[in-house]
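Data first, discussion second: the structure below is written as structure tokens.
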Amino acid sequence: MTAVSAPAASTAPLIKKDTVIDWLGMAPFIIFSLLFLIIPTLYLVTGAFFTPEGEFTFQNIADLFTPSIMSAYWISIKVSLASSLGGALIGFFLAWAVVLGGLPNWVRSTLLTFSGVASNFAGVPLAFAFLATLGRTGLVTIFLRGWFGFSLYGTGFNLLSFFGLTITYMYFQIPLMVLILTPALDGMKKEWREASEILGATNFQYWTMVAFPILWPSLLGTTLLLFANAFGAIATAYALTGSSLNIVPILLYAQIRGDVLHNPNLGYAIALGMIVITGVSNVLYLMLRMRAERWQK
Amino acid sequence: MKGSRIGAWIAVIVGASYFIIPLLGTLEFSLRMRRGVYSIDAYASVFTDPQFRATFGYSMLMALLTIVFGMLLVVPTAYWVRLRVPRMRPIVEFITLLPLVIPAIVIVFGYLRMYNSSSVLPLTGNAMGTNILLVFSYITLSLPYVYRAVDTAMRAIDVRVLTEAAESLGASWTTIMFKCIFPNVMSGVLSGAFITLAIVMGEFTMAALLNRPAFGPYLQLVGANKAYEPSALAVIAFTITWLSMGLLNLISGARRGAPAR
Amino acid sequence: MSFLALNNIQKSFGPVQVVQNFNMNIEKGEFISFLGPSGCGKTTVLRMIAGFETPTGGTLYINGKDQRPLKPNQRNIGMVFQAYALFPNMTVYDNVAFGMKVAGAPKAETDSRVKEMLGLIKLDHLADRYPYQMSGGQQQRVALARALAVKPQVLLLDEPLSALDAKIRVSLREEIRAIQRQLGITTVFVTHDQEEALSISDRIVVMNAGKADQIGTPFEIYNTPATRFVASFVGTLNLIEAEVIDPASNCIRIGDQDITLKQSLASYNGGDKVSLALRPEAGSLSEGIKSDTALTGQVVSAHFLGSVIRTRMDVGGNVISFDMFNSPGVTPPVAGETVTLRFMAADLLVIRD
């Protein structure tokens, strides 16, 4: 290995010189990530265990379990779970269709390109798109009323609700699932199917005993990733429902803006709760992915 | 065989309508401003709004700064990890994944508490400091995507051989970095840049909570107060995403054509 | 009718005919190899026997039963794939038990059968391992056990050794042959490696461009190749171009030397070109060996290969190589030297193109 910046390195008696250069090169990144990622997060995490006066306490954590905060977590979990499960299910069928469905190649490349775009089409504009489509004067709402005499809002449907938010989130959840699951399905070897067939297995037995057990770590892992993805999202929900739907990120947003809970450190506890939930989902996702990759080698 | 193909077509058609109908709905809605006929009034209204131009320009500038400074941070780091400190790789990769785990709203919450006007580093005390903080927050948000893109591009070239060749010709450190490494990982830098552009242009949380006049909060504001303009804005935003991601796909597609696989 | 009878099998993919008029009768317990270069159609024939491909013409019977209407999972055939294809989510035990399980066999019966199979491949101690924890050779033995566990009527082996190291390849092929003999199972083995095919088969089908060029025992295939392709693909045979001088007396000319063959040339005319094959070990420079024919030429090169000396000589534009056993008394020929190669005329064979 050659020292990049020091022609004198060979004559220098300092044993540690290379090590110092190594660390100097890493310094900008380490300082940046400490200052703008790790310390701010740790600041909140530790803040969750202190009173505003600086005394150690578990009261903030205990206060999370009050009905209003709990209901926010509960709605968030429900929306994230529903949109990730829905996204996973539809995404799986789409990925299956393009990988194993025997469709022409252009369908696959179009779908993957489109998924790359759609999975990044989130935030405020996504809310506008769904308002324009499924809002009270949206295209689909009017179409259903005009052509079928079917009143969507008459059924109790409301875009600014749990269900409305779920189907809006699925707009970026489905393509994300397609993007992650397509390579996993590509990894399903043709020989596994043929081996099971020649051993006498039916198509159903192949799916239940071979294909699905091989795929489930990928499926479950990706669903968890989608869950975390939805759980942290705020812009779409805020633009769609204002503050009428009380999900955790919106509660935290209100707390940051105006201390609606009248306890700044309770805000830290809410943030900690979010990190724990998204963190656990991500760690499980990574573990499941490692398992899936081990099998598909 | 036949049955599964029909099922596949059904799945694709259902999925495609899920993607396309909201886009059609938005487009149709954005053209409905004038009663009874389709018109581009909503777009005219948007484009003549000085606020639109101001916030759009501001976010573009922020995106540009994010790309430049983000690359100055990520490319040398990825290079250094490959060349000198491979043992740091797992740690660096873990850190670059963190922004996917920690929600943006939590990160910005931390900023507001750590860099408020009474802290050691009162970045939020004035507009310039807050702008800097916003750029840094965007660098953080795009870190997972940018680092991956650059590192993948770096895997395709042998940075060690390239460095040693340049050194043997007497190149200085800056020459190696900007004349050898950057141009050779250009595909990674570009795809990182486009995804950053897509993220920054639509970003809401950071800008809103740092109170900066960015495009995201402007969109939200219009959405709360106007009827047809939001759809026009959504069409514009979607076009931007399409352009960035389309270019990204073009670049990564071109790279995939290369010997990588 | 033979146990496994392929009659006039055809297969085309669109306009491309990959298998043409393939006929083969395999007796119960036989070990047959399909030998040929990649793309010769050997794997396609195997996959038609398995039922993964449907023949576009011809008939296929196993044990007197028409197989064409049957799906792969109704044929009771065992198959081993080149890339092992073990189920990665199952242990060795579960992989071997899979066929019994899907057939709904009783647990106790499955258990004893799996144990018997694992004993057969000597991997009883690895029953709880997963495929990714094993070497390629071990995985392929498990794949063999899995295929045999269902007591198939026919065992199909699709280049099962190609992905393995040279050393394991030899030991595993011997193991496969031993197990096959022990169970007496009718086996079709696809390979592109002539040494592999020669060493383990009862009979070999040499395939070329979708057709069977020759069917015969390894001995016949090697010693009396029927076509030019078989001669060049299977062995290191010398191919010599010659001209027919007199069909009636079986006289041919190589360069400017006339030779009388033992084989009849009745179907040829004077002046026809023919190809002749001569095994490298059939000739010698020494006068002491039993010979009735000789060719004179110049030595091109002589290579000392340890136990043998391989000499290449030029006879009227044909390069003929032959091997002499090494012994301290032998002086290797030198390049440029004029030598006389002696052999039996019966060893010089006329080959079809």
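The table below lists the values:
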| read-out | value |
| --- | --- |
| Residue among C:142, C:114 that is under 26 Å from residue C:192 (Cα atoms) and buried (at least 18 other Cβ atoms within 10 Å of the Cβ) | C:142 |
| Residue in region B:168-176 that is assigned to a helix (DSSP H, G or I), at the interface with another protein chain (Cβ under 8 Å from one of its Cβ atoms), surrounded by 15 or more Cβ atoms within 10 Å (Cβ to Cβ) and touching a helix residue (DSSP H, G or I) at 6+ places or on another chain (Cβ under 7 Å) present | yes |
| Number of positions in region C:125-139 that are more than 9 Å from chain A (Cβ to nearest Cβ) and either buried (at least 24 other Cβ atoms within 10 Å of the Cβ) or assigned to a loop (DSSP other than H, G, I, E, B) (or both) | 5 |
| Residue, nearest to the other protein chains (Cβ to nearest Cβ), within region C:95-124, restricted to residues that are farther than 19 Å from residue C:183 by Cα and small (Gly, Ala, Ser) | C:103 |
| Within region A:36-68, tally of residues that are over 29 Å from residue A:221 (Cβ atoms) and not polar (S, T, N, Q) | 15 |
| Filter result (open to solvent by less than 10 Å² (accessible area, probe 1.4 Å) and either aromatic (Phe, Trp, Tyr) or out of contact with any Leu (no Cβ under 8 Å at 6 or more places or on another chain) (or both)) within region A:206-218 | A:210, A:211, A:214 |
| Qualifying residue in region A:219-232 (condition: in a helix (DSSP H, G or I), of a type in the set (Ser, Thr, Tyr), buried (at least 24 other Cβ atoms within 10 Å of the Cβ) and without any contact (Cβ under 8 Å) to a residue 60 or more places away in the chain) | no |
| Every residue from region C:333-346 that is within 13 Å of residue C:322 (Cα to Cα) and either open to solvent by 40 Å² or more (accessible area, probe 1.4 Å) or assigned to a strand (DSSP E or B) (or both) | C:339, C:340, C:341, C:342, C:343 |
| Selection count, region B:150-167, where residues are away from chain A (no Cβ under 14 Å) and among the aliphatic types (A, V, I, L, M) | 4 |
| Selection count, region B:5-51, where residues are surrounded by fewer than 14 Cβ atoms within 10 Å (Cβ to Cβ) and of a type in the set (Ser, Thr, Tyr) | 3 |
| Count of residues meeting criterion [β-branched (Val, Ile, Thr), under 25 Å from residue A:199 (Cα atoms) and away from every other protein chain (no Cβ under 14 Å)] in region C:8-43 | 3 |
| Leading residue by the ranking (surrounded by the most Cβ atoms within 10 Å (Cβ to Cβ)) among those in region C:63-84 that are hydrophobic (A, V, I, L, M, F, W, C) and modelled with pLDDT of 90 or more | C:79 |
| Selected residue (criterion: nearest to residue A:221 (Cα to Cα)) from residues of region A:257-297 that are within 14 Å of chain C (Cβ to nearest Cβ) and of a type in the set (D, E, K, R) | A:291 |
| Qualifying residue in region B:82-98 (condition: aliphatic (A, V, I, L, M), within 10 Å of chain A (Cβ to nearest Cβ), assigned to a loop (DSSP other than H, G, I, E, B) and under 25 Å from the mean Cα position of the chain (by Cα)) | no |
| Any chance residue B:244 is polar (S, T, N, Q) and closer than 30 Å to residue A:25 by Cα | no |
| Residue in region A:203-213 that is touching a residue at least 24 places away in the same chain (Cβ under 8 Å) and at the interface with another protein chain (Cβ under 10 Å from one of its Cβ atoms) present | no |
| Residue in region A:181-190 that is under 27 Å from residue B:25 (Cα atoms), surrounded by fewer than 22 Cβ atoms within 10 Å (Cβ to Cβ) and touching a residue at least 60 places away in the same chain (Cβ under 8 Å) present | no |
| In region A:191-205, the residues that are under 36 Å from the mean Cα position of the chain (by Cα), of a type in the set (Asp, Glu) and surrounded by 20 or more Cβ atoms within 10 Å (Cβ to Cβ) | A:194 |
| Pick from region C:302-332, criterion surrounded by 14 or more Cβ atoms within 10 Å (Cβ to Cβ) and of a type in the set (Gly, Ala, Ser), ranking: farthest from residue C:262 (Cα to Cα) | C:302 |
| Tally, over region B:115-141, of residues that are at pLDDT below 90 and within 7 Å of chain A (Cβ to nearest Cβ) | 0 |
| Every residue from region C:245-273 that is under 14 Å from residue C:352 (Cα atoms) and surrounded by 18 or more Cβ atoms within 10 Å (Cβ to Cβ) | C:265 |
| Segments classed as strands (runs of 3 or more DSSP E), wholly inside region C:1-120, with at least 2 members that are farther than 27 Å from residue C:135 by Cα and touching a helix residue (DSSP H, G or I) at 6+ places or on another chain (Cβ under 9 Å) | C:4-13, C:16-26, C:57-62 |
| Helices (runs of 4 or more DSSP H) contained entirely in region A:22-129, each with at least 1 residues that are in contact with a strand residue (DSSP E or B) (Cβ under 9 Å, 6 or more places away or on another chain), more than 10 Å from chain B (Cβ to nearest Cβ) and touching a residue at least 40 places away in the same chain (Cβ under 8 Å) | A:59-63 |
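Each row is one residue, and each column tells you yes or no for (1) surrounded by fewer than 23 Cβ atoms within 10 Å (Cβ to Cβ); (2) in contact with a Leu (Cβ under 9 Å, 6 or more places away or on another chain); (3) over 14 Å from residue C:34 (Cα atoms).
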site: C:157; (1), (2), (3): no, yes, no
site: C:169; (1), (2), (3): yes, yes, yes
site: C:179; (1), (2), (3): yes, yes, yes
site: C:189; (1), (2), (3): no, yes, no
site: C:199; (1), (2), (3): yes, no, no
site: C:204; (1), (2), (3): no, yes, no
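The values are calculated or read from the model by the stated rules, or taken from the named source; none is laboratory data. Predicted model, so just to flag it, every value in this text is computed and none were measured. Cβ sites come from the backbone with ideal geometry, for glycine too, and all protein chains shown count toward neighbours. Areas reflect the complete protein model, heavy atoms only, side chains present, ligands, DNA and RNA absent. Shrake-Rupley method; radii C 1.70, N 1.55, O 1.52, S 1.80 Å.
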